[in-house]
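**Student:** Have a look at this one before I ask anything.
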């Protein structure tokens, strides 16, 4: 997860928001297909949720920093 956080921190807010949308779509598709045909990697959904949590954390940190910088100006 640290590698993912490092990668996410290098991206801009817009890139992170696009990544967030894609990850949410992946999770929703996975939930639908999981009922019909279980995946070989049963831990995939948990991995994606953790990745989503890291992404949201980094995104919120970046937005907070931007807000603080905007207030200083």
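The values are calculated or read from the model by the stated rules, or taken from the named source; none is laboratory data. Computed from a prediction, not measured in an experiment: that's the story for all the values here. We place every Cβ from the backbone using ideal geometry, glycine too, and count neighbours over all the protein chains shown.
**Student:** Taking residue 28, is it at negative phi, outside any helix (DSSP H, G or I), free of Cβ contacts under 8 Å to residues at least 24 places away in the same chain and exposed (fewer than 11 other Cβ atoms within 10 Å of the Cβ)? Steps first, answer last, please.
**Tutor:** Working: at negative phi: yes; outside any helix (DSSP H, G or I): no; free of Cβ contacts under 8 Å to residues at least 24 places away in the same chain: yes; exposed (fewer than 11 other Cβ atoms within 10 Å of the Cβ): yes.
It is false that residue 28 is at negative phi, outside any helix (DSSP H, G or I), free of Cβ contacts under 8 Å to residues at least 24 places away in the same chain and exposed (fewer than 11 other Cβ atoms within 10 Å of the Cβ).
**Student:** From the set of residues in segment 31-48 that are loosely packed, with under 13 Cβ neighbours inside 10 Å and modelled with pLDDT of 85 or more, which is nearest to residue 2 (Cα to Cα)? Step through it out loud before you land on a result.
**Tutor:** Start the filter on segment 31-48 by keeping residues that are loosely packed, with under 13 Cβ neighbours inside 10 Å, which leaves 31-33, 35-43, 46-47.
With modelled with pLDDT of 85 or more added as a condition, the list becomes 31-33, 43, 46-47.
Values: 31: 26, 32: 29, 33: 29, 43: 19, 46: 16, 47: 13 Å.
Among residues in segment 31-48 that are loosely packed, with under 13 Cβ neighbours inside 10 Å and modelled with pLDDT of 85 or more, the one nearest to residue 2 (Cα to Cα) is 47.
**Student:** Pairs please, first residue from segment 6-25 and within 13 Å of residue 57 (Cα to Cα), second anywhere and surrounded by 12 or more Cβ atoms within 10 Å (Cβ to Cβ) and at pLDDT below 90, Cβ atoms under 7 Å, 6+ apart in sequence or on different chains.
**Tutor:** Within 7 Å, the pairs are 16/8.
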